[in-house]
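Shown next, in structure tokens, is the structure this report addresses.
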């Protein structure tokens, strides 16, 4: 993991923090993409099990973790470009993209934009930016956008960042995202709160918050998913309070492409099951990999 002091200035590939773990066998590599506010460390309980048979890379997305906090307009296409540049530089063979939350949306968008790169996707707690457009009447959108623009101004967001980056507040936020209080450890809070001390972190937070609040920050999930022909695994915690299954209806994604999409729903799991119940998630991924990606002799 690069020294954070190096991760400043213009966007450069070397400023995208990444952690590879190599496998002795010749199988499809895996790239892990974290969710909003997280980093490489959120995969700490998944790296070793997945690396037993695959070379695994975990990437800090720009604006998060140890990657630089650049003054840019953050968006799913920007992060897709980052992943593709990383792949072109270090891998150059088809990979499996696995992501949590917005990281899973990046996986899906990357599969559509770069079919040469993506052999399959694992999407944990997949958000769908098109949901609001479908649910909110067109006449009401201008009023909603006006209110949102007020709340995403730096005048509001900078004090919010100062509050939200405090470990005690991070702990409460994670407690909402996780179904199991015992999974909210001091180590996890440090992983999530640590990057807030980086230079440019407050500015990046404002830009990131604005990006994820934009209904056009990423593609409509069903539109993209029905056009893909690669294996796709969806994993959802039944107690996810951030993207509740009863509203997200993950079975609809299977129905739009039943030949390619599999769904695994986990009991007693929230928004980040890869960290909350890693044994179940690791086994679900490994089972899916063994069915869809045979090792090369």
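Each reported figure results from applying straightforward, stated rules to the coordinates on display, with no laboratory input. Everything quoted here is computed from the prediction, not taken from an experiment. Counting neighbours? That spans all protein chains shown, and the Cβs are built from the backbone with ideal geometry, glycine included.
Summary of values
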item	result
Approximate spin-label separation residue 246-residue 168, in nm, with each point projected 7 Å along Cα-to-Cβ	3.3
Cβ-based exposure ranking for 57, 84, in which fewest neighbours within 10 Å come first	84, 57
Förster radius 35 Å - calculated FRET efficiency between residue 279 and residue 73 (Cβ-Cβ, nearest 0.05)	0.35
For the range 241-297: rounded, prolate or oblate by the Cα gyration tensor [a/c cutoff 1.5]	oblate
Chain lengthening between residue 254 and residue 85 when straightened (0.36 nm per residue, less Cα-Cα)	57.8 nm
Sorted by Cβ density within 10 Å, fewest first, the residues 93, 262	93, 262
Paramagnetic reach from residue 226 in the range 262-289 [backbone N under 13 Å; point 7 Å along Cα→Cβ]	none
